[in-house]
Amino acid sequence: MKIKNYELFQVPPRWLFLKIDTDEGITGWGEPVIEGRAATVKAAVDELMEYLEGKDPLNIEDHWNTMYRAGFYRGGPILMSAIAGIDQALWDIKGKYYNAPVHQLLGGRAHDSMKVYSWIGGDRPAEVGAAARQMVGQGFQAVKMNATEELQYVDSYDKIDQAVARIAAVREAAGPDFGIGIDFHGRVHKPMAKILAKELEPFRPMFIEEPVLPENNEALREIANHVAIPIATGERMFSRWQFKTLLTEGYADIIQPDVSHAGGITECKKIFSMAEAFDVAAAPHCPLGPIALAACLQVDATCHNAFIQEQSLGIHYNQGSDLLDYLNDKTVFEYRDGYVKIPDQPGLGIAINETHVRKMAAEGHHWRNPVWRHRDGSIAEW
Ligand SMILES: [Mg+2]
């Protein structure tokens with residue numbers, strides 16, 4: 001079997017889909033995207049596919065190593081997202097070729113289903129109590145929310161009080177057993193991060209996420225020694241070699257690599273397994289489309305330490321175009337009591353509605369994250 005050609009589709013709300021065709025008529029789909037830089041990743045996929053055209057799609061390890069190691073400069077969000085989407089499409093082809101879901105080819109299932117969580121509150125969290133109650137009504141057992149809006153290096157305690165009031169409202173609405181992930185979103189700098197974490201501790205969060213930017217991961221030590229809340233990070237980390245440092249330092253409890261950003265199925269399976277040896281859990285980042293979610297679930301299925309999966313159904317970014325719109329069979333991601341079954345059809349286990357993809361690619365998107373500034377005019381972390 002040989003890779004014959006490929007196509008890229010930049011589709012709303014902010015995604016990029018890759019379709020790889022083979023000379024045997026088997027087609028694979030991937031989602032190579034980093035949010036806000038879809039066109040840049042697209043250019044990187046074009047460069048990487050120059051090598052792959054005419055090659056046997058089944059030799060995934062060798063193709064991965066060629067894409068990663070045979071380029072002198074490597075790593076980072078753009079190249080690793082391009083590799084990720086190509087890797088997903090190659091796994092989709094391999095699964096369809098052997099008539100097996102990807103998780104079977106990776107060793108089989110350690111879980112039959114995965115717990116999923118939903119986002120509430122958007123970029124500027126408000127009215128989160130009512131939103132949490134709505135999620136409880138839909139059967140979810142966990143949500144994630146942003147902790148704060150923009151926060152200065154040293155900011156006022158009223159913003160801490162507002163954050164505490166919001167988390168208190170969610171705990172009150174959802175009850176004591178409900179999982180609350182609190183995303184600091186890299187918005188919080190070290191001086192305020194430890195204050196905020198301490199104040200949130202009584203509400204028993206499921207985790208706090210990116211309490212500081214990944215560039216500042218050494219600051220996790222102080223936070224980890226300061227509060228008894230699981231610390232999650234990793235959506236802006238892209239390879240085994242980055243996670244190696246985080247894991248050996250020992251201050252992260254949950255890693256969150258994105259299967260569309262961190263080198264795909266091949267790389268994330270290795271990252272999760274490496275984390276397992278440190279007794280660290282995995283909760284893959286995925287505010288993305290259906291191909292990315294299917295790829296996550298195929299890896300989650302095989303990893304004992306995967307405990308919850310992010311998913312984007314109804315997320316604030318998806319207005320007008322949502323997760324299920326691009327699927328022929330939308331029941332594949334039917335959530336029951338806050339869990340989703342592992343897709344068990346061949347390949348990634350989903351059937352993409354190509355007619356709809358083509359229609360929406362004609363519309364395209366120009367998604368960019370907002371640019372925030374503090375009152376003094378300086379740039380704020382979003
Ligand atoms: Mg996050």
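Since every read-out is calculated from the coordinates, none of them should be taken as a lab result. This structure is a prediction, so every number in the text was calculated from the model and none was measured. Note that each Cβ is placed from the backbone with ideal geometry, even for glycine, and that neighbours are counted across all protein chains shown.
Observations on the model:
- Dimensionless Rg over Rh [the stretch 3-101; C-alpha; Kirkwood]: 0.95
- Shape class of the stretch 342-382 from the Cα gyration tensor (axes a ≥ b ≥ c, square roots of the eigenvalues): oblate, since a/c reaches 1.5 or more and a/b does not exceed b/c.
- The stretch 235-313: C-alpha gyration tensor shape, a/c 1.5 cut-off, then a/b vs b/c: prolate
- Cβ-Cβ FRET estimate between S273 and D56, R0 fixed at 35 Å, reported to 0.05: 0.85
- Taking label points 7 Å from Cα along the Cα-to-Cβ direction, R74 and E7 give a separation of 3.3 nm.
- Along each principal axis, Cα extent of the chain, largest first, Å: 62, 45, 41
- Each Cα pair under 8 Å and six or more residues apart adds its separation to the average, and for the chain the resulting relative contact order is 22 percent.
- Violating pairs (Cα-Cα greater than 26 angstrom) within the set K159/K198; K244/K341; K144/K190; K4/K96; K42/K115: K244/K341; K42/K115
- Neighbour counts of other Cβ atoms within 10 Å put T233, T22, T245 in the fewest-to-most order T245, T22, T233.
- With 5 Å bins beginning at zero, the pair-distance distribution over Cα atoms of the stretch 148-257 amounts to 2, 13, 24, 24, 19, 11, 6, 2, 0 %.
- As a proxy for reagent exposure, S321, S156, S260 were ordered by neighbouring Cβ count within 10 angstrom, fewest first; the result is S156, S321, S260.
- A simple rule links phi to the HN-Hα coupling: the Karplus curve 6.51 cos²θ - 1.76 cosθ + 1.60 with θ = phi - 60°, which for the stretch 351-362 gives 10, 7, 7, 5, 4, 5, 4, 5, 4, 6, 5, 5 Hz, with x for Gly and Pro.
- DSSP-assigned coil residues among trypsin sites (Lys or Arg not before Pro) in the stretch 1-62, each with at most 13 further Cβ atoms within 10 Å: K2
- Over the stretch 47-102, the fraction of Cα-Cα pairs per 10 Å bin, rounded to whole percents and listed from the shortest bin up, is 23, 54, 20, 3.
- The stretch 36-150, Rg to Rh (Cα coordinates; Rh as Kirkwood inverse mean 1/r): 1.12
- Distance between the stretch 306-374 and the stretch 115-186 - C-alpha centres, whole angstrom: 22 Å
- The stretch 311-373: GluC sites (Glu not before Pro) in DSSP loop, at most 12 other beta carbons within 10 Å: E334
- Exposure proxy order (Cβ contacts within 10 Å, fewest to most) of R166, R368, R133: R368, R133, R166
- Two-decimal Rg to Rh for the stretch 224-362 - Kirkwood Rh, Cα set: 1.01
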